[in-house]
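Peer 1: Below is a structure I'd like to ask you about.
Any read-out appearing in this document is the output of simple, stated calculations on the displayed coordinates, not a laboratory observation. In this text, all values refer to a predicted model and were calculated from it rather than measured experimentally. Because the Cβ atoms are built from the backbone with ideal geometry, glycine has one as well, and the counts that use them run over all protein chains shown.
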Amino acid sequence: MKIKSFILAAVFTASSVLVYAQKGEVANAKKNYDSFISLKEANSMALAMPSLKTAKASVDKAVLNDKTASDPTAWTYKALIYAEMALMDSVLTTSKPLMVESQSAFKKAAELDKDGANKANLEHLTSALYSQYELNQGVRAYQSSNFADAYTSFTNALSYRPGDTTITYYAGLSAINSKNYDAGIKNYEELIKTNYSVNNQIYLDLSRLYSMKGDTARAISIAGEGALKYNDAALATQEIELSLMSGKQKEVISKIAEQAQKDPKNKLYPYYLGIAYSTIGDAAKAEESYLKAIAIDPSYADANINIGGVMLNKGIALYNEANKLPPTQQKEYDAAMKKASAEFDKAFPYLQKASELDPKSKIALENLKTYYLVKKDNAKVEELSKKIEAL
């Protein structure tokens, strides 16, 4: 009996030693991993890497052994160690298999960790290591102009760190550069719901994206919302320009005037006012506005073209009205023609200057040609006709 008891005790002791040895591999993996982290944080990478390799050797043994193959801690540390190795490797072909192995180990650990003892490390894997790996891959792809791959990586990073504004911006920017405008819009729409530091620029880019897609109404709405929220001149200008182009001249006049008051040295705002007033048929206010733009910049070709056109049109209207008068109203005719001629002469300096400032502008040359047609200067008409044909 004593001999049998001794044998049983001996067998039991050997089994205990074997289990302890395998648990020792888990402990050794943990110890060396912790050492790696400490050295890494101290920027001693030359010393840190041997600890990580030793940790890998131990954890590889632990997860393969029957005694510790169901230990969630072993699988958790395998996931941690392999993820760190993937992060240290800048070559995609070798780092990717390491990351795949880490994610497989993570899945196994999550299934086994019934009591949540490894919860903190598993959360660290997703929120820090996996997201950082995808972020690194995205940056490398973006820097190599592989924008579609960059977008994929940044989107993967967001799956681990949802709501991260910087990653959302990178994903949107990569999508736009890969001409995936819908994805770019989606990411930028998410950003403007946050307090991202450069959201005024995001609003502007988003407005431009909608404009490119042909959704002018949304483009105007976004620009207006951003301009109001950030008191941003670029966004206000975007809203004004899009409104003018889409026929909303009357609605935008007050906003142009407001910006002109805020920035009285900016020639664009009186110029835009001129366009708006001219479009709704208020020639006097249009003329006044263009003159303000020219006062800020006498060499502003577009303002010179437009004011010349406004004055020319006013002269033509007077000229046409005069020609409608019957022969019995010669006195009235002469007075009307005198007014028309005065308006043409008033327009001439601007018409001429516009053609000098922008000699390749067909509008400027056509306007000047019209002036000479009215004046019956055939030589000038011929000269300008040739210039227009040569454009």
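Peer 1: In a shell of Cβ-Cβ distance under 12 Å around Arg161, excluding Arg161 itself, what net charge do Lys and Arg (+1) and Asp and Glu (-1) give? List each step's numbers first, then the result.
Peer 2: Details: positive: none; negative: Glu123, Glu134, Asp164.
Net of charged neighbours comes to -3.
Peer 1: Identify, among Leu87, Ala286, Asn32, the residue whose Cα sits farthest towards the positive end of the charge dipole of the chain, taking +1 on the Cβ of Lys and Arg and -1 on the Cβ of Asp and Glu, with the dipole about the Cα centre.
Peer 2: Value: Asn32.
Peer 1: Tally Lys/Arg at +1 and Asp/Glu at -1 over every other residue whose Cβ is under 10 Å from the Cβ of Val59; what's the total?
Peer 2: Working: positive: Lys30, Lys56, Lys61, Lys78; negative: Glu25, Asp60.
Every neighbour counted, the sum reads +2.
Peer 1: Picking from Asn156, Asn313, Asn136, which is most flexible by a Gaussian network model of the chain using Cα springs under 10 Å?
Peer 2: Judging by the Gaussian network model, the answer is Asn313.
Peer 1: Among the complete DSSP H segments of the chain, which ones combine at least 27 Å of alpha-carbon extent along their axis with a mean Kyte-Doolittle hydropathy of -0.5 or more?
Peer 2: Long hydrophobic helices here: 2-41, 45-64, 92-112, 301-323.
Peer 1: Determine the calculated [θ] at 222 nm for the chain from helices alone, applying -39500 (n - 2.57) to every DSSP H run no shorter than 4 residues and normalising by the residue count; nearest 500 deg cm²/dmol. Provide the component values of the computation, followed by the final result.
Peer 2: Details: 19 runs with 314 residues, N = 391.
Theoretical 222 nm ellipticity from helices: -27000 deg cm²/dmol.
Peer 1: Only counting other Cβ atoms within 10 Å, I'd like Lys375, Lys267 sorted with the fewest neighbours first. Could you put the intermediate results ahead of the total?
Peer 2: Numbers: Lys375 14, Lys267 18.
Result, fewest neighbours first: Lys375, Lys267.
Peer 1: So for Lys369, Lys339, fewest C-beta neighbours within 10 Å to most, what's the order? Please report the intermediate quantities before stating the final value.
Peer 2: Working: Lys369 21, Lys339 16.
If I rank by nearby Cβ atoms, fewest first, I get Lys339, Lys369.
Peer 1: Another question, then. May I ask you to derive the FRET efficiency for Lys362 and Leu228 from their Cβ-Cβ distance with R0 = 56 Å, giving the value to the nearest 0.05? Walk me through the numbers on the way to the answer.
Peer 2: Working: r = 38 Å, r/R0 = 0.68.
Once rounded, the FRET efficiency stands at 0.90.
Peer 1: Also: Normalised by the number of residues in the chain, what is the relative contact order in percent for Cα pairs under 8 Å and 6+ residues apart? Walk me through the numbers on the way to the answer.
Peer 2: On the way: 476 pairs, mean separation 23.1, N = 391.
The value is 6 percent.
Peer 1: For Ser153, Ser299, Ser127, what ranking results if the residue with the fewest other Cβ atoms within 10 Å of its Cβ goes first?
Peer 2: Values: Ser153 25, Ser299 10, Ser127 13.
By the 10 Å Cβ count, ascending: Ser299, Ser127, Ser153.
Peer 1: Only four residue types carry charge here, +1 at the Cβ of Lys and Arg and -1 at the Cβ of Asp and Glu. Report the dipole size of the chain about the Cα centre in Debye, rounded to the nearest 20. Working shown, then result.
Peer 2: Details: 48 positive and 45 negative charges, 135 e Å.
The calculation lands at about 660 debye.
Peer 1: In a shell of Cβ-Cβ distance under 13 Å around Tyr133, excluding Tyr133 itself, what net charge do Lys and Arg (+1) and Asp and Glu (-1) give?
Peer 2: Taking every other residue near Tyr133 into account, the sum is -1.
Peer 1: Further, regarding this structure: Along the positive direction of the dipole of region 192-287 (beta-carbon charges: Lys, Arg +1; Asp, Glu -1; about the Cα centre), which of Thr194, Val252, Ile275 reaches farthest?
Peer 2: Thr194
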